[in-house]
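Here's the structure we're looking at; comments come further down.
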Amino acid sequence: MIELRDLQDEDRARLFRWRLQPEVDRWMSDPPPSTTVEHDRWFDDLRLDANQAAWIITCDAEPAGLLTLSGLEGRHRRAAWGWYIGEAWARGRGVGRAAQALGLDLAFLRMNLEKVWAEVLADNAVALRAQAAAGFLREGYMRSHIFKDGVFRDVVVLAILAESWMNRRADVRAGLVRSRLIADQPGLAVHQGY
């Protein structure tokens, strides 16, 4: 089963290891932290900043990835969204698809957001398909928006509104339950936190 849980102290080293993996880093806008000190600063900020929220994606209780929302403070009730699967064994198994559904439930049902949006590198076909399957729609295309590894890269802006998620939520969740990816329960499969 896929679930989300709050960050814990022992996730610090795991997230650093994941972030240094070429398969994770290639899809990130910014380069990975170059030192553990830099990573520790990022990790502490992520846990303490009220403008951000983050969860570890677990698969059968084993940590598999990270899901974040940022830009939470403010009257606009929107947040930027990001996630990745850090464990190679968890990729291509529906873990990200299930985590997205759980994350959208958090964003819209618990946090009362109106909009969740994301910037995805234009050549990240897997992430674009996954987010489209969850109901994200393309809202923009930014040419040469990110400079990484000596190359300018294009970015697709995607978003989903609360009403859109609520209209498709039951079908998405039913499919994930049939696939035995999430629990068939009325509550949210999220441990602690929000």
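The values are calculated or read from the model by the stated rules, or taken from the named source; none is laboratory data. Just so we're clear, the structure is a prediction, and the values are computed from it rather than from any experiment. Every residue, glycine among them, receives a Cβ derived from its backbone with ideal geometry; neighbour counts consider all protein chains shown.
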message = Looking at region 69-80, can you tell me whether even one residue there is more than 14 Å from the chain's Cα centre (by Cα), of a type in the set (D, E) and either over 18 Å from R110 (Cβ atoms) or surrounded by 17 or more Cβ atoms within 10 Å (Cβ to Cβ) (or both)?
response = no
Scanning region 5-35 for residues that are more than 20 Å from A61 (Cα to Cα) and of a type in the set (A, V, I, L, M, F, W, C), the one surrounded by the most Cβ atoms within 10 Å (Cβ to Cβ) turns out to be V24
Checked against (1) without any contact (Cβ under 8 Å) to a residue 60 or more places away in the chain; (2) touching a Lys or Arg at 6+ places or on another chain (Cβ under 6 Å); (3) in a strand (DSSP E or B), I146 satisfies every condition except (1)
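Conditions tested, residue by residue: (1) closer than 26 Å to V157 by Cα; (2) touching a residue at least 60 places away in the same chain (Cβ under 8 Å); (3) part of a strand (DSSP E or B); (4) among the aliphatic types (A, V, I, L, M).
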residue: L15; (1), (2), (3), (4): yes, yes, no, yes
residue: A50; (1), (2), (3), (4): yes, no, no, yes
residue: R75; (1), (2), (3), (4): yes, no, no, no
residue: A79; (1), (2), (3), (4): yes, no, yes, yes
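Hey, among L69, L113, which residue is in a loop (DSSP other than H, G, I, E, B), modelled with pLDDT of 95 or more and over 18 Å from D9 (Cα atoms)?
Answer to the check: L113.
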**Asked** Just wondering, is there one or more residues in region 137-151 that are in contact with a helix residue (DSSP H, G or I) (Cβ under 9 Å, 6 or more places away or on another chain), surrounded by 20 or more Cβ atoms within 10 Å (Cβ to Cβ) and closer than 28 Å to D171 by Cα?
**Response** no
